[in-house]
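The next block holds one structure in the form of structure tokens; read it before the comments.
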Amino acid sequence: MATLSSGATVGNTTTQSASNERTSEPVTPYPPRTLDYPEVAAFGLLRQAALDFPQRAACVFYGQSLSYLQLWEEACRVANLLKAYGVEPGDRVGLLLPNVPEYISVLNGIWLAGGVAVAISPLMVAGEVSPLLKATDCRVVIALDLLASRLRGGNFQPRHTFLVTLCDRLPLLPGLGCVWMRRRETGAWTLPNETCQHSFHREVERHAPTWEPVANSSQDTPAYILATGGTTGTPKAVTLSHRNLVVNAWQQMHWGRAERGNEVFLAVLPFFHCYGLSACLMTGLATTATLIVHPRFELESLLKLMSDYQPTYFHAVPAMLVKLNERLRKRPQRMDSLRYCISGGAPLSLDVATEFTEHSGAIVVEGYGLSEASPVTHVGPLDGKARRNSIGLPLPDTETRIVDPEDGDRDLPNGEVGELVVRGPQVMLGYWNNPEETTHVIRDGWLFTGDLAVRDGDGFFRIVDRKKDLIITSGFNVYPEEVETALREHPFVRDAAVVGVPDSQRGERVKAWIIPETDKPLDEVLLKAFCQNRLAAHKRPREFALYQGEFPRNFLGKLLRRQLRDTR
């Protein structure tokens, strides 16, 4: 690991090049409609930041700071490490990491080596990880040691696993706790303990902090693969190009009116999720912001980070703002530095947004996107003209239409509800090795979102409902049929139906209707324990209910989930 720098600058302290950058930046109208994008691979954002602001703090994690130069050098070491272990251009490399500085250096190192990063969510269980590794033929994985158990089992094993530890990054007592957790999870006090596993930190230090270009660095090659799904339960993997990632970061930087070298991002959204990756990590690199990195949303920790580091931007999901409002109602805290809060992942209540503005003074807007679009396509304008209960306006160079949801061809007028379709440089390459599904959602360059929306006369959009049965809970996607399949494996369950129901904190929560095999009372404790070993935490039902009779279905036997949502 690169030596931590005591000279890295944090917050609004800038080098001389910061002011030069601001004066040379072209003035564009707001909100911008079109932009000039840098013709670089995704690692080019970090490289340029290291050239322009080498001593600026790139990220701060538990009080420790890495400068942009150090982060770049560590990414180069990672690239050389991967090449030494046989990674060639186009090979897939998995990341099984929470929000830690290594996520940034490893991700960019994969790209520098010409590889394709595969995001493995720490929320996945082992039975979900193995199919993803197999589908992408992912032979090398870099994982947190505490998550190594997710890689065991299944019918596919990576050839090499590099294990990252947090023990040295945490304060004394949490660091000791990390050692005990590692012992519990892996059975070892020190790592690695298997021949296919390697200590990431020891291995990476053996390699030079320099980079030699590789052939597979063009903008239109795959850069990032992340698992998604479908209402049919068929797993898919979104494939984003270098251009997709760079463009979406550039779009958000200019939409956010960010000043390069002058911003501080509170980065608590998970990087393994497309929203956190794009809005926090990639846009942060484009902006040369200081990222205040935290591995999870913890209310008091978050407020302390706000107080200590004075962030200027906060990307959130509504559930975070609900919790912050509850706490700030009781104990107010000044947030003078915070200018903008951008909420996504779930519908944002007008009351929640208004209250957080009252507590913080920040402008709060809602955005919209989907993994297939890198993910952001719409955001509320940050000049005070945003409209409540609206996802805002399309980002620069993003075309949008509202079409007839039945045939997808006929454009609908303002005020009429139809399917939202988008076209722009951030739209994915397609689903990994799945041309049939790709051609279903991308037609003539237009991405069919599956969301029903309406556009007003001023061009603002509002999501009305989902054409798909996708559940979005705290910003995470849940596909009902996947949960239903798991529940039907329980001997108590004859049939199951899963829907999303409104939740003031999460946007939606997962509810499961159960038709039992017998007349015995529903045992929620046993069902929850059953799900714990089969489903990631965000997919597990938070509410169970018995259903009398048979589930409502249409003439083709398709489950009518909308009727179930209305059932009490």
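Rounded to the nearest 5, what is the percent of antiparallel bridges among the DSSP beta bridges in the chain?
Numbers: 49 of 89 bridges.
Expressed as a percentage, antiparallel bridges in the chain total about 55.
Stokes-Einstein D for the stretch 245-376 at 10 °C, 1.306 mPa s, Kirkwood Rh over Cα pairs, in µm²/s? Don't jump to the answer; show the numbers that get you there.
Working: Rh = 14.6 Å.
D = 109 µm²/s.
Can you tell me how much longer the chain between Glu524 and Arg401 gets when fully stretched, taken as 0.36 nm per residue apart minus their C-alpha distance, in nm with one decimal? Show your work: numbers first, answer last.
Details: separation 123, 0.36 × 123 = 44.28 nm, distance 4.40 nm.
In short, 39.9 nm is gained.
Take the Cα of Ser149, step 7 Å along the line toward its Cβ, and report every residue of the stretch 525-551 whose backbone nitrogen sits under 12 Å from that point.
533
In whole Å, what are the extents of the stretch 297-466 along the principal axes defined by its C-alpha atoms, from largest to smallest?
So the extents along the principal axes, rounded to whole Å, are 53, 38, 24.
Using only the alpha carbons, work out the radius of gyration and Dmax of the chain in angstrom.
23.3, 74
Among Thr518, Thr288, which comes first, second and so on when ranked by fewest other beta-carbon atoms within 10 Å?
Details: Thr518 8, Thr288 28.
Starting with the residue having the fewest Cβ neighbours, the order is Thr518, Thr288.
Could you point to the residue in Leu564, Ile472, Ala496 farthest towards the positive end of the stretch 471-565's charge dipole, with +1 and -1 charges on the Cβ of Lys/Arg and Asp/Glu respectively?
Ile472
Tell me the Kirkwood hydrodynamic radius of the stretch 382-472 in angstroms, computed as one over the mean inverse distance between distinct C-alpha pairs. Don't skip to the answer; put the middle values down first.
On the way: mean 1/r = 0.0712 Å⁻¹.
Final number for the Kirkwood radius of the stretch 382-472 is 14.0 Å.
Roughly how big is the stretch 297-466's charge dipole about its Cα centre, with Cβ charges of +1 (Lys, Arg) and -1 (Asp, Glu), in debye to the nearest 20?
Values: 18 positive and 27 negative charges, 204 e Å.
Once rounded to the nearest 20, the dipole reads 980 debye.
Going down the list Lys236/Lys323; Lys236/Lys511; Lys83/Lys134; Lys385/Lys468; Lys304/Lys385, which pairs span over 25 Å between their C-alpha atoms? Could you put the intermediate results ahead of the total?
Values: Lys236/Lys323 33 Å; Lys236/Lys511 23 Å; Lys83/Lys134 21 Å; Lys385/Lys468 30 Å; Lys304/Lys385 31 Å.
In this structure, Lys236/Lys323; Lys385/Lys468; Lys304/Lys385 exceed 25 Å between Cα atoms.
If I model a spin label at Thr34 and Asp308 as a point 7 Å from the Cα along the Cα→Cβ vector, what separation in nanometres do I get?
About 4.6 nm, to one decimal.
Quick one: putting +1 on the C-beta of Lys and Arg, -1 on the C-beta of Asp and Glu, what dipole do you get for the chain around its Cα centre, in Debye to the nearest 20? List each step's numbers first, then the result.
Working: 60 positive and 64 negative charges, 264 e Å.
Dipole about the Cα centre, nearest 20: 1260 debye.
Under a point spin-label approximation (7 Å from Cα along Cα-to-Cβ), what is the Phe551-Arg331 distance to one decimal in nm?
Distance between label points: 4.5 nm.
Name all residues of the stretch 435-449 having a backbone nitrogen under 17 Å from the label point set 7 Å from the Cα of Leu412 along its Cα→Cβ direction, giving them as ranges.
Under 17 Å, as judged by backbone N against the label point of Leu412, lie 447-449 of the stretch 435-449.
Can you pull out the GluC sites (Glu not before Pro) in the stretch 411-497 that DSSP calls coil and that have at most 12 other Cβ atoms within 10 Å?
Working: sites: Glu416, Glu419, Glu436, Glu437, Glu481, Glu482, Glu484, Glu489; in loops: Glu416, Glu489.
Loop-located and lightly packed - Glu416, Glu489.
Compute and list, largest first, the equivalent-ellipsoid semi-axes of the stretch 514-564 from the alpha carbon gyration tensor, each √(5λ) rounded to a whole angstrom. Please report the intermediate quantities before stating the final value.
Working: eigenvalues 106, 51, 16 Å².
Each semi-axis is √(5λ); the values are 23, 16, 9 Å.
So how much slack lies between Glu205 and Asn533, counting 0.36 nm per residue of separation and subtracting their Cα-Cα distance, in nm?
On the way: separation 328, 0.36 × 328 = 118.08 nm, distance 3.67 nm.
So the extension gain works out to 114.4 nm.
Suppose the Debye formula is applied to equal point scatterers at every Cα of the stretch 471-565; what is log10 I(q)/I(0) at q = 0.17, 0.21, 0.24 Å⁻¹?
Values returned for q = 0.17, 0.21, 0.24 Å⁻¹ are -0.71, -1.07, -1.34.
For the stretch 104-169, taking Cα atoms only, what is the radius of gyration to one decimal and the Dmax to the nearest whole Å?
Cα radius of gyration and Dmax of the stretch 104-169 are 11.9, 34 Å respectively.
Find how much the distance from Arg466 to His440 grows on full extension, using 0.36 nm per residue of separation minus their present alpha carbon separation; answer in nm with one decimal.
Numbers: separation 26, 0.36 × 26 = 9.36 nm, distance 1.70 nm.
Length gained between Arg466 and His440: 7.7 nm.
Where a number appears in this text, it was derived from the coordinates with a stated rule and is not lab data. The shown structure was predicted, so the numbers you read here are calculated from the model rather than taken from an experiment. For neighbour counting, all protein chains shown are included, and Cβ atoms are generated from backbone atoms with ideal geometry for every residue, glycine included.
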